[in-house]
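Everything below concerns the one structure shown next.
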Amino acid sequence: MPYTEAVLHGIQRYIDLIPTSLPHAVNCDTKFRNYFIPKETSIITSLTSVLHDSKEFPNPEKFDLGHFLDKNGKFKKSDYFMPFSTG
């Protein structure tokens, strides 16, 4: 089953079906990195930047099951895998 799970994850990561999620609103003034985001600002996330991050997925433009299989062929979970949305 690790191979099947890696194929499903690989397809969802590669096709990036829903690259932006629904807008979210900031419920209080927030500082994120060096940016100030005022309360009630709408935020739209870009999942493409996460699903194609070359630090987590070497050669992100390629369909590679190695992104989700370890050297022993076991499935490895990635915190960068968010195929549908952020919370």
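The values are calculated or read from the model by the stated rules, or taken from the named source; none is laboratory data. In this text the structure is predicted, and so the values were computed from the model without any measurement. In this analysis, Cβ positions are derived from the backbone assuming ideal geometry, glycine residues included, and neighbour counts consider all displayed protein chains. Each accessible area value is taken on the protein alone, full model and side chains, heavy atoms only, with ligands, DNA and RNA left out. Shrake-Rupley method; radii C 1.70, N 1.55, O 1.52, S 1.80 Å.
Values computed for the structure shown
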quantity	calculated
From phi via Karplus (6.51, -1.76, 1.60), per-residue ³J(HN,Hα) for segment 33-45 in Hz, x at Gly/Pro	6, 9, 10, 9, 10, x, 3, 6, 7, 7, 10, 10, 8
Residue-level accessible surface for Glu5, protein heavy atoms, 1.4 Å, Å²	80
Helix axis angle, 2-15 relative to the chain longest principal axis, alpha carbon, degrees	40
All-pairs Cα distance distribution in the chain, expressed in whole percent, bin size 5 Å	3, 14, 20, 19, 15, 11, 8, 7, 3, 0
Förster radius 30 Å - calculated FRET efficiency between Ile37 and Met82 (Cβ-Cβ, nearest 0.05)	0.90
Mean accessible surface per residue for segment 24-87, computed with a 1.4 Å probe while every protein chain stays in place, in Å²	76
